[in-house]
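Report on the structure given below.
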Amino acid sequence: MAPRLIINADDFGLTHGINRAIAELHQANALTSATLMATGPAFDNAVAHARANPSLGVGCHVVLTDGSPASPPETIPSLLGPDGKIFRPSLLDFIHALLRGAVNADEIEREALAQIARLERAGIRITHLDTHKHTHLFPAVTRPLLRAAERAGIRAVRNPFEQSWSIPLGHGHRLRHLQVRLLRLLQARFDRQPQIASASVLTTNGTIGISATGDLDSRTLSDILRALPVESDAVFELCCHPGYNDRDLDRVTTRLRAHRDIERDALLAQIPALSLNPNPPRLIHYGDLGTDSAPTGRTRSTTNAGCENVV
């Protein structure tokens, strides 16, 4: 049995160019899923693209750093930066606050629910949750995020841990590879979360492409795809950040600029060609998890989420 592959673009709603790239890639059979930022500058435009592409799986890209909250600021003070209005702009500052115990878990859950609610009010049928900059790698974020998923009836979440076989294929900076390997030490704690262990919230066997963020060109993507275990019923997610490097992107804070064009071209070159390979992976989105034979004990349950994205 061939593996299943979710190809998910993060940052849906950040700019019109990112939104356009996601729609074009989905129409070219090079992308199956995207995660939408509830307070992104181009949120309404992203919703319009989701409506026009109902087969695109749409999740909620929960933002807890480097962005604006959906909750009234006075209800989530531990999540905010020095101005008391927006999140901490630095991921490192957010991690330091987590380690100091300065971030309130109830406020994470409250803010995640507020972001989920904004997507639902726009008519999005949410297939899954993930987090901006993978903050739910840390148990202090994983726990309230999974509680929010349960309360909102969302049945899937990104497994934010890179596969050991794909890390060396990222062809990126050695420091990033080391960071990704060290963070894998948190995998067991993620797997032991009650919602994951019981499969009340579904997930994949792991995510690929994280170590290649900023370096995911066509050659790197080809190497990663060739390394997929072909005789497997596993489910993997390929995490990517395609877009257009345009004037809108110049107005937002992101380290990924010119490389968004490179990732877009890589996906267009490599993903449609997968069907020509022997035993190619089956392309799905998170709403398909649990709808047929499950790859692992973590995806036993059945979910109706994500078969259509706009109700």
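The values are calculated or read from the model by the stated rules, or taken from the named source; none is laboratory data. Everything quoted here is computed from the prediction, not taken from an experiment. Cβ atoms come from the backbone with ideal geometry, glycine included; neighbour counts cover every protein chain shown.
Restricting attention to segment 55-80, which residues are crowded, with 21+ Cβ neighbours inside 10 Å, under 17 Å from the mean Cα position of the chain (by Cα) and part of a loop (DSSP other than H, G, I, E, B)?
Across segment 55-80, the qualifying residues are 56, 63, 64, 65, 67.
Would you list the helices (runs of 4 or more DSSP H) that sit entirely within segment 175-269 and hold 3 or more residues that are in contact (Cβ under 8 Å) with a residue 12 or more places away in the chain and either among the charged types (D, E, K, R) or farther than 23 Å from residue 19 by Cβ (or both)?
On the way: elements: 187-191, 194-197, 218-226, 247-250.
Those helices (runs of 4 or more DSSP H) span 187-191, 194-197, 218-226.
Would you confirm whether or not segment 255-270 contains a residue that is modelled with pLDDT of 85 or more, basic (Lys, Arg) and within 19 Å of residue 234 (Cα to Cα)?
no
How many residues does segment 154-182 hold that are more than 18 Å from the chain's Cα centre (by Cα) and farther than 25 Å from residue 219 by Cβ?
1
Working only within segment 1-43, note down all residues that are assigned to a loop (DSSP other than H, G, I, E, B) and hydroxyl-bearing (Ser, Thr, Tyr). So that I can check it myself, show each step before the final result.
The initial filter retains those residues of segment 1-43 that are assigned to a loop (DSSP other than H, G, I, E, B), namely 1-3, 13-15, 28-32, 37-42.
Matches in segment 1-43: 15, 32, 39.
Of (1) under 13 Å from residue 63 (Cα atoms); (2) in contact (Cβ under 8 Å) with a residue 60 or more places away in the chain, residue 113 satisfies all except one. Which?
Among (1) under 13 Å from residue 63 (Cα atoms); (2) in contact (Cβ under 8 Å) with a residue 60 or more places away in the chain, residue 113 violates only (2).
For every residue, the table says whether it meets (1) exposed (fewer than 14 other Cβ atoms within 10 Å of the Cβ); (2) in contact with a Ser or Thr (Cβ under 7 Å, 6 or more places away or on another chain); (3) not hydroxyl-bearing (Ser, Thr, Tyr).
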| site | (1), (2), (3) |
| --- | --- |
| 228 | no, no, yes |
| 232 | no, no, no |
| 245 | no, no, yes |
| 253 | yes, no, no |
| 259 | no, no, yes |
| 262 | no, no, yes |
| 268 | no, no, yes |
| 274 | no, no, yes |
